[in-house]
Every structure is written in structure tokens, then in C-alpha cells.
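What follows is one structure encoded as C-alpha cells, with my remarks underneath.
The values are calculated or read from the model by the stated rules, or taken from the named source; none is laboratory data. Only a predicted model underlies this, so the values are computations on that prediction, with no experimental measurement involved. Virtual Cβ from ideal backbone geometry, glycine too; neighbours counted across all protein chains shown. Ligands, DNA and RNA are stripped out before the accessible areas are found, and what is left, the full protein with its side chains, is counted by its heavy atoms. Shrake-Rupley method; radii C 1.70, N 1.55, O 1.52, S 1.80 Å.
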Amino acid sequence: MDRLAYDSGSEERGAIYTKREVVNFMLDLAGYVQGKPLHRMRLLEPSFGGGEFLLAAVKRLLLAYQASDEKVDLADCIRAVELHQSTFEATQRKLAAMLGEYGFSEPERSRLVSAWLVSGDFLLQPMPGHFNFVVGNPPYVRQEMIPSALLALYRKLYATLYDRADLYIPFIERSLSLLADGGQLVFICADRWTKNKYGGPLRAMIAEGFHLRAYVDMVDSPAFDSEVLAYPAITLIERAKGGPTMVAVRPDIDVKKLVTLANTLRAGEEDPAQGISLVERAGSGSEPWILSSSGKRALLRRLEARFPTMEDAGCKVGIGVATGADKAYIAPMALLDVEPSRKLALVTTKDIASGVVRWTGLGVINPFEDDGKLADLSEYPKLRAHLELHRDAIAGRHVAQKSPANWYRTIDRITPSLAARPKLLIPDIKGSAHVVFEEGKLYPHHNLYFVVSEDWDLRALQAVLLSSVARQFVAAYSTAMRGGFLRFQAQYLRRIRLPLWSEVPKSMRARLTQAAIVLNMAECDAAAYELYGLSCAEADMLASESIN
């Protein structure tokens, strides 16, 4: 805790500062505006950092107070928390100076600053009462950066700190728990939690007791003062009965346009000209939020109701091998001086960049026997010599330190029979589906997902997975990347619905297969539209609209 409070850098403690235009937009979106009696309301900023949100909110509070005829104590109107001590003190000085500019005496400035600012850890700090508004940019800190004892304490206190959740998740949980009835929370933070596994408990909490009123996709929008690799979104969540969600996508960072956007979102009005749509039901329980257009949502739900998942249709999705020390395990096949049974030809994303397999000759060391057990090194002297040559790199991995006796195993167990099995290979991040048929000679690297099937013909399946229908499933559940790229990960591929192979007519089987063999994308789409029974309007929608 002391290290985070005194010695941590901005990156370590997840400090990313928000542009003034975005700050004011978020306060507008929350309804924290001068026309309201803000001096009779309470606002919380859980991690005030340089004071962007805090100072903007205080300015609105003071203007609203000066415009009123009431004379009330403002000490309870603001609570703002900051852990990092030097940042706390710098913002403390800024706040005192602002109060001086509005005519407050030195004793009154000191009293209000002491009442409003709290030095400490928001997740542990007592916070009496409830708030009408919670606004801010919670810290983006990965679990690996949190001391283990502190992380254990957080886990006891916050049910949403699940799986690999980052620190902003319990920040949202506690902030929501502090909202008064009808209270408004507006945060800008990474959008990963809205769809991925670790966000499930938080999504369930929101579904049970809150209303996701508005969602603004800020990916590719310059929302921060510095260039950061982040995929942000702004959420407006109200402590109220659930209802429809207003969705806006990548707004211009322009003062007038943002004022208009905030008013339209709060009014609950669809406006295609502003890129605003209404989603009747963004999610259910812990399920990922689906925020695409109503037509695509309706199509998605219809297909999900009619067809089984890929795996229920007899297709298995997996990921290639992660070694933890690629330089030790992977090299040109001819240079791996081990017994022939101890190496496998390896396929990587580079090998399939053209849309077909063009193997570049890499191989991977295989320390496993066919039964899944680690090979006995005494039986493989060449393998032993190779591993000993690279022992420092191999034994230094976390997986090796956890089990020293098995120091030479790869992170993922290698199943040699997979190399000999025909499969479809899919890279993780792509703008559109990139699905490549591999005839059964190569083992996939960890940056490739694979699909195998005992039921479906893989060429026909390739055509389906290359189609806009399959991409729509992935787009609905995947978190978006910069430039409109998607994550074609196993968890999203498993969301694709697929007819049973036994129910696919012979003529359609041949049509799909031929489309895949010649990589005719238009025919892959056309065949898939017919396979899934899409109407002309639905087919046109997938063919012509960008997928949100």
C-alpha cells in the first residue's frame, strides 16, 4: 500500500488523465449541471488524480450555489479520494486556489478542502452515506501490479474481483453500492469488462439492481490527454429499475457536439444523425452486453434460438501451444537436433497470412509422449542435451518454478495427434474472418486458434466461418480493437451457431465446399445466408452495414 501511495509511477497506479471536453461531457451526461440545486446533492470522485473531474464538478457546484438564494454548508456536497500522496497534495492546492477565486476566506477554504478530500484507498476507506452522482476515471491497474496481501483483501471485500479482473472492476462495484436511489454513475474506463469473462459478476450486479442508461463507445476517440493503448467506453448507470440503453459510437471530441450528445442520450432519443441508437435489452444477467443495432440484435437472437452452438454441432475449438520460452522450444525444423519423435512441424500466423498455408519451416520441441505424460529424458539423450543447453530460460518460467520436477514441460500440453489432424486455423486479431484450411501436417502455435470436427466437412465449415454471418456472432460478443479489428478468440468462436451437418442438404454441402476451396468470399456469404435462412433484408444488412 505504501509503495502505491508514495513510490509508484503514473503507469503503475493506472493514472490516465481525461480531456477537459470529455470531463464536461460526462458531467453533463450524469446530469450534474448548474440548473440543478447541486448544493443540496452529493458527488463522489473515487480516484481524483490531477483533479480533472473534481475541479470541473466543484466549479459547477459553486456556480449553482452562487445562483441560488440558499445559504447552506457545502461541506457534504463533495467527496473525492486519492491514494497517491504527492498527487493528492498537488490537487489539494489547486482546489484551495479555486475556492479563493470564488471568494472563500482562508479558514473556509481549509475547512471545505479538508471535508471534501480524502487521502487513502477508495476500496478500503470508510465512506458514510450515499451519493447522487459518482463520476470519474477509475485506475486501470492489472492484478499483477497489486501486492498479494492487498489483492487477497480486495477479493474478500468485492465479489466482482473475479478471474483476471483489473482494479477498475471493484471500483465500479463499490461506486454503484454508494449510489442513492436514482443516483447516476458515469465512468470512463476500458470496455473489456462489458463482454469478457471477468466482467460477468459486475454485469450480473448491474442487471439485478441498476439501469444501464447510456453507453458511449470511445474506441479510436482521443479521450485522454496522452496517447494510450486503451479501448475506452463511457457508461451511464442509474440506481433504478432496468430499461433500454442509449448507445453512441465514437463521438467527435467537439464541445458543442458533446453537449448536444449528452442531452440527447439523457432524453432517451434515437438520432441516427448523431449515431445514437436504442437497445431494448443490452444484456441478461452475467451475459455479455450486446450493443449492436436492433436489426442485428434481432437476427442474432433468432439464430441463437434456432441453431446449436458450434461445439454442440460437433466442432471443437482450441488454441495452439504456448511454450513460455519460444526461443528455447522453437527453431527451424532442421536445426532442432533432437530425436524425430521429439519435434513437430509448427504453423504460425506468418505461415497463413496469404489465406493458404505456406509453411516457413519452423518446428517445436515436444516434451510429451502420446499418452500425455512428460517424456523420460533418460530415453532421449538429444532432447536432454537441447533442454539442458537452454535450461536457464526454461527453468526460469513460472510454470517450471511451480513444479521443478517437470521443469521442461511447455505451458500447454502438446498433443501430437493434433498435428496429423485436418483443421481450420484462425488468427486472434483480424478485421474480418481469416480462416485457413490445414490438411493435417502442422501443429498450431499459441497465436492461432483451431477448429476440428468429426461431423462437419472442414471445407464447408471454412466457408461458413468466412461468412458475414459468423463474423456477426464474433462482433457481437468480441471486444473491439483499434481500427475496427475483432478478437477471434475461442470464447467468441464458440458463440457461433451452426446447423447440424446431418441437416445440411447435399447441394448446400457442395456449394459451401467449393466456395471455400476457391476462397470466393461473396459466394461464402451468399451460401451462408441461404444456409441460415436469412431474408433479403437481413442479408443486405450484413452485407452493407458496418458492424458495431
Review point. Roughly how big is region 102-251's charge dipole about its Cα centre, with Cβ charges of +1 (Lys, Arg) and -1 (Asp, Glu), in debye to the nearest 20?
Key: 420 debye
Practice item. Run down the aspartates and glutamates and flag those whose C-alpha is under 15 Å from the C-alpha of K373, throwing out any fewer than 8 positions away in its chain. Key: D412
Check your understanding: Using θ = phi - 60° and the Karplus curve 6.51 cos²θ - 1.76 cosθ + 1.60, what whole-Hz ³J(HN,Hα) does each residue of region 444-455 get, with Gly and Pro shown as x?
Key -> x, 7, 5, 8, 10, 9, 10, 10, 10, 7, 8, 9
Revision key, fill the gap. Taking Cα pairs closer than 8 Å and at least 6 residues apart, the relative contact order of the chain in percent is 11 percent
Review point. Alpha carbon centre of region 31-52 versus region 103-154: separation in Å?
Key: 14 Å
Check your understanding: So if R0 is 51 Å, what FRET efficiency would T309 and S110 give, r being the distance between their Cβ atoms, rounded to the nearest 0.05?
Key -> 0.25
Review point. Which lysines have a Cα lying under 18 Å from the Cα of K197, excluding residues fewer than 8 positions away in the same chain?
Key: none
Check your understanding: What's the center-to-center distance, using Cα atoms, between region 489-548 and region 253-278 in Å?
Key -> 35 Å
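Counting only other residues whose beta carbon sits under 11 Å from that of G440, what net charge do I get with K and R as +1, D and E as -1? Kindly include the intermediate steps, with their values, before the conclusion.
Working: positive: R421, K423, K441; negative: E438, E439.
Net local charge, G440 excluded: +1.
How many percent of the accessible area of region 501-548 is carbon or sulfur, using a 1.4 Å probe? Could the numbers behind the result be given before it?
Numbers: 1460 of 2660 Å².
Using a 1.4 Å probe with all protein chains present, region 501-548 comes out at 55 percent carbon and sulfur.
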Review point. R0 = 22 Å: FRET efficiency of L150 with S119, Cβ-based, nearest 0.05?
Key: 0.85
Check your understanding: Over the Cα atoms of region 44-111, how large are the radius of gyration and the largest Cα-Cα distance (Dmax), in Å?
Key -> 12.1, 38
Check your understanding: Which order, highest average first, do 103-113, 348-358 follow once you tally other Cβ atoms within 10 Å for each residue and take the mean per peptide?
Key -> 348-358, 103-113
Review point. Once you list every other residue whose beta carbon is under 14 Å from the beta carbon of K316, what net charge do they have if Lys and Arg are +1 and Asp and Glu are -1?
Key: -1
Point to revise | Dipole of region 281-406, positive end: most advanced residue of S341, A400, A282 [Cβ charges, Cα centre] | key: A282
**Study point:** Calculated from backbone phi, Karplus (6.51, -1.76, 1.60) coupling profile of region 210-215 in Hz, x at Gly/Pro
**Key:** 9, 10, 6, 7, 8, 9
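Pairs K316/K423; K256/K296; K343/K382: which are spaced more than 20 Å apart, C-alpha to C-alpha?
On the way: K316/K423 10 Å; K256/K296 31 Å; K343/K382 11 Å.
From K316/K423; K256/K296; K343/K382, over 20 Å: K256/K296.
Given Cβ point charges of +1 (Lys, Arg) and -1 (Asp, Glu) and nothing else, what value in debye, to the nearest 20, does the dipole of region 12-136 about its Cα centre take?
Dipole size: approximately 140 debye.
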Point to revise | Those residues of region 329-352 whose amide nitrogen sits under 20 Å from the label point placed on D371, 7 Å along Cα→Cβ | key: 341-343
Point to revise | Under 12 Å from K195, Cα to Cα: aspartates and glutamates that are on another chain or at least 8 residues apart | key: E287
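Calculate the dipole size of the chain relative to its Cα centre from +1 charges on Lys and Arg beta carbons and -1 charges on Asp and Glu beta carbons; express the result in debye to the nearest 20. Numbers along the way, then the final one.
Numbers: 65 positive and 65 negative charges, 101 e Å.
Dipole about the Cα centre, nearest 20: 480 debye.
Per the Cauchy relation, a quarter of the hull surface: what is the mean projected area of the convex hull of the alpha carbons in the chain, in nm²? Display every interim value, and only then the final one.
Working: hull surface 113.1 nm².
Mean projected area of the Cα convex hull: 28.3 nm².
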Exercise for review: Convert each backbone phi in region 248-260 into a coupling constant with the Karplus relation 6.51 cos²θ - 1.76 cosθ + 1.60 (shift: θ = phi - 60°), then list the ³J(HN,Hα) values in order as whole Hz, x for Gly and Pro.
Suggested key: 10, 10, 6, x, 5, 7, 9, 4, 5, 5, 5, 4, 5
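So if R0 is 51 Å, what FRET efficiency would K350 and A240 give, r being the distance between their Cβ atoms, rounded to the nearest 0.05?
Once the sixth-power term is evaluated, E becomes 0.50.
So, for region 250-353, what is the accessible surface per residue at a probe of 1.4 Å, expressed in square angstrom?
Numbers: 4990 Å² over 104 residues.
Result: 48 Å² per residue.
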Check your understanding: Ignoring any ligand, DNA or RNA, what whole percent of the accessible area of region 182-288 comes from carbon and sulfur when the probe is 1.4 angstrom?
Key -> 50 percent
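Using Cα pairs under 8 angstrom and six or more residues apart, how large is the relative contact order of region 310-457, in percent? Could you put the intermediate results ahead of the total?
Values: 264 pairs, mean separation 52.6, N = 148.
This gives 36 percent for region 310-457.
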Point to revise | region 135-191 - accessible surface per residue (Å², probe 1.4 Å) | key: 36 Å²
Revision key, fill the gap. Log entry: pair-distance distribution for region 229-284, C-alpha pairs binned every 10 Å from zero, whole % per bin is 20, 55, 24, 2
